[in-house]
Amino acid sequence: MGRIALIAANWKMYKTPAEAKAFTDAFLPLVAGHTRDQIALFPSVTSLATVVEAVKGSNVAAGLQNMHFAEEGAYTGETSALMLKAVGATHTLIGHSERRQYFAETDEIVNKKLHTALRHGIVPVVCIGEVLAEREAGLTADVLKTQITGAFAGITAEAATPIVIAYEPVWAIGTGKTATPEMAVEAHKIIRAEVAKLLGSGIAVNVRILYGGSVKPENASALLNEEEIDGALVGGASLKPDSFAAIVKY
Ligand SMILES: O=C(CO)COP(=O)(O)O
């Protein structure tokens, strides 16, 4: 299909700058020359500059786990698009389920952040996914459609090209319970069809949809060899250079 996979590490609230540097020192040689997939690291805010510096000139990109939608202002504790860019980062996660769950992020906030990222030329990885109760109630498709529609409000096809989507079923995050490749493919197809409805088939065939939720070296190839799955967003198994490198090389 021609979509280049993106394999991304979400380090969540782990790793000091020194630990981040130790990771890149070990990791970069393991993936040097790997051009089949794109690779990105999402460290904490305080390690971002260290990681950007370490990956300069390599095949690895760096981004934030969260970004505010405002250009600047009285938003204590937040980080702006301009700050992200000034450090030299290129990507941001938006709407991770932990942001939604613990920091009350709504589809409306996700939408504002998506507009801001695109305006500033930052590659946004928009995270969506159902919780267990929603899956068990047969609501997965509805939830995904609502999240996509909300996130993409007011986004035009012209602006949408850089967008990456991450499907992360919440019940699979940090639980060791991975969605089967069949479950992930089914969800990705629902998401792609919704993108086609909103932005046209040109965007839908090209948009990359990553899977996230207990991706490990042992299950990466079964998931990533599916044509519908255009990469992975990896939490726990991305914290160690050898395990993340093994996933990159699925
Ligand atoms: O939330 C995730 C990535 O954003 C997934 O986390 P785990 O890989 O630890 O399940």
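Under the definition of Cα pairs under 8 Å and six or more residues apart, what whole-number percent is the relative contact order of the range 6-248?
Details: 479 pairs, mean separation 47.6, N = 243.
Rounded, it is 20 percent for the range 6-248.
So which GluC sites (Glu not before Pro) in the range 200-243 are both in a DSSP loop and have at most 12 other Cβ atoms within 10 Å of their Cβ? Please list the in-between numbers first.
Working: sites: Glu218, Glu226, Glu227, Glu228; in loops: Glu226, Glu227, Glu228.
Within the range 200-243, the qualifying GluC sites (Glu not before Pro) (loop, at most 12 other Cβ atoms within 10 Å) are Glu227.
I need Leu28, Leu64 ordered by Cβ neighbour count within 10 Å, fewest first. Walk me through the intermediate numbers first.
Values: Leu28 18, Leu64 25.
With the fewest neighbours first, Leu28, Leu64 line up as Leu28, Leu64.
Please report, ordered by residue number, every helix of the chain (full DSSP H runs) that is 15 Å or longer along its axis going by C-alpha atoms and whose mean Kyte-Doolittle hydropathy reaches 0.5. Provide the component values of the computation, followed by the final result.
Values: long enough: 17-31 (21 Å, 0.65); 45-55 (16 Å, 1.68); 107-119 (18 Å, -0.66); 140-151 (16 Å, 0.22); 181-199 (26 Å, 0.34).
Going by DSSP H runs, the hits are 17-31, 45-55.
Do me a favour and compute the ellipsoid semi-axes for the range 15-145 from its Cα gyration tensor, root of five times each eigenvalue, largest one first, whole Å.
On the way: eigenvalues 154, 77, 37 Å².
Over the Cα atoms of the range 15-145, the semi-axes work out to 28, 20, 14 Å.
Report, in deg cm²/dmol and to the nearest 500, the calculated mean residue ellipticity at 222 nm for the chain, where each DSSP H run with n ≥ 4 adds -39500 (n - 2.57) and the sum is divided by the residue count. Mind showing how you got there, number by number?
Numbers: 12 runs with 114 residues, N = 250.
Only helices count here, giving -13000 deg cm²/dmol.
Which of Tyr14, Tyr102, Tyr167 has the fewest other C-beta atoms within 10 Å, and how do the rest follow up to the most? Let's see the in-between values first.
On the way: Tyr14 16, Tyr102 9, Tyr167 26.
Ranked by crowding around the Cβ, least crowded first: Tyr102, Tyr14, Tyr167.
As an exercise, use a Förster radius of 25 Å and the Cβ-Cβ distance of Asn59 and Thr156 to find the FRET efficiency, rounded to the nearest 0.05. Don't jump to the answer; show the numbers that get you there.
Details: r = 31 Å, r/R0 = 1.23.
Plugging the Cβ-Cβ distance into 1/(1 + (r/R0)^6) gives 0.20.
For Leu6, what residues show an amide H to amide H distance below 5 Å, using hydrogens built from the backbone and excluding near sequence neighbours?
Gln38, Gly231, Ala232
Does the chain come out rounded, prolate or oblate, given a ≥ b ≥ c as the square roots of the eigenvalues of its C-alpha gyration tensor, rounded meaning a/c under 1.5 and, failing that, prolate meaning a/b above b/c?
Working: a/c = 1.45, a/b = 1.13, b/c = 1.28.
Since a/c stays below 1.5, the shape of the chain is classed as rounded.
For labels at Arg3 and Thr175 in the simple 7 Å Cα→Cβ model, what's the distance in nm?
Taking the two extended label points, one gets 2.4 nm.
Measure off 7 Å from each Cα along the Cα-to-Cβ vector at Arg119 and Thr16, then give the distance between these two points in nanometres to one decimal.
Computed distance between label sites Arg119 and Thr16 equals 3.8 nm.
Kindly state, to the nearest 0.05, the FRET efficiency for Thr149 paired with Glu227, given R0 = 25 Å and r defined as their beta-carbon distance.
0.50
Pop the C-beta distance of Val205 and Leu132 into the FRET formula with R0 = 30 Å and round what comes out to the nearest 0.05.
On the way: r = 31 Å, r/R0 = 1.03.
Step by step, r from the Cβ atoms, then E = 0.45.
For the range 66-71, what does the Karplus curve 6.51 cos²θ - 1.76 cosθ + 1.60, with θ = phi - 60°, yield as ³J(HN,Hα) per residue in whole Hz, taken in order and with x for Gly and Pro?
Along the range 66-71, the couplings run 6, 9, 7, 7, 7, 5 Hz.
Taking the Cβ of Pro162 as the center, what net charge do the other residues with Cβ under 15 Å away carry, scoring Lys and Arg +1 and Asp and Glu -1?
Values: positive: Arg3, Lys85, Lys113, Arg119, Arg208; negative: Glu158, Asp230.
Around Pro162, the charge tally is +3.
Which residues in the range 139-155 place their backbone N less than 18 Å from a point set 7 Å from the Cα of Ala196 along the Cα-to-Cβ direction?
Inside the label zone: 141-142, 144-146, 148-149.
What does the extension gain come out to for Gln101 and Thr46, with contour length at 0.36 nm per residue minus their alpha carbon separation?
So the extension gain works out to 17.5 nm.
Each value in this text was obtained by applying a stated rule to the coordinates, not by laboratory testing. Note that this is a predicted model, so its numbers are computed, not measured. Please note: Cβ atoms are built from the backbone with ideal geometry, for glycine as well, and neighbour counts cover all protein chains shown.
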